[in-house]
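Reading through the structure tokens given below for one structure.
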Amino acid sequence: QVSLAESGGGSVQAGGSLRLSCTASRGTLNGYAMAWFRRAPGKEREFAAGDSWDPGYTYYTRSVEGRFTISRDHAKNTLYLQMNSLKLEDTAIYYCAAGRYSGSRQEWQYDHWGQGTQVSVSS
């Protein structure tokens with residue numbers, strides 16, 4: 001069992017950057033596939049970025065590819081999402097999730113979720 005907590009959200013102007021963190025306060029991220037999902041206002045939660053078990057294998061939804069980078073620091077037991085060139089449409093609550101299915105983009109395949117952190121991008 002792992003307990004996750006996100007941080008690093010906030011308000012930023014379009015074109016700016018933020019780095020989100022997801023720390024396991026109980027348990028370890030080792031052995032889990034990790035991902036970031038997001039829920040924009042009035043929309044369903046969607047996959048944004050994933051980090052599989054395979055070292056170096058990361059994957060992204062098309063709208064963030066080239067702008068977002070997912071990574072993890074095993075020593076700190078923390079997952080990150082570096083977000084650059086932010087756009088208005090990136091405004092959402094961002095959630096980190098841990099699961100057992102490497103490479104998944106499906107919510108139902110992630111068992112453990114954080115509470116979310118708000119990212120607001122303005123013009």
Completion exercise
Out of THR61, THR23, THR69, a Gaussian network model of the chain with alpha-carbon springs under 10 Å gives the largest mean-square fluctuation to THR61
Problem - Neighbourhood net charge (10 Å Cβ-Cβ; Lys/Arg +1, Asp/Glu -1) for GLU46 - result: +3
Fill in the blank from the handout: Of the accessible area of region 10-55, computed with a 1.4 Å probe and all protein chains kept, carbon and sulfur make up a percent value of 47 percent
Completion exercise
The size of the Cβ-based charge dipole (Lys, Arg +1; Asp, Glu -1) of the chain about the Cα centre, to the nearest 20 debye, is 100 debye
Fill in the blank from the handout: Stokes-Einstein D for region 65-123 (10 °C, 1.306 mPa s, Kirkwood Rh from Cα pairs), in µm²/s, comes to 121 µm²/s
Problem - Global geometry of region 25-95, whether rounded, prolate or oblate, following the gyration tensor of its Cα atoms and the 1.5 cut on a/c - result: prolate
Fill in the blank from the handout: Checking TRP53, TRP113, TRP36 against a Gaussian network model of the chain (alpha-carbon springs below 10 Å), the top fluctuating residue turns out to be TRP53
Exercise for the section: Pop out the ³J(HN,Hα) list for region 31-46 in order, Karplus 6.51 cos²θ - 1.76 cosθ + 1.60 with θ = phi - 60°, rounded to Hz; leave Gly and Pro as x. Expected result: x, 9, 7, 10, 7, 10, 10, 8, 10, 7, x, x, 10, 6, 5, 9
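The values are calculated or read from the model by the stated rules, or taken from the named source; none is laboratory data. Please read these numbers as outputs of a predicted model, since none were measured by experiment. So basically every Cβ, Gly included, is an ideal-geometry build from the backbone, and we count neighbours across all protein chains shown. With ligands, DNA and RNA removed, areas are computed over all heavy atoms of the protein, side chains included. Shrake-Rupley method; radii C 1.70, N 1.55, O 1.52, S 1.80 Å.
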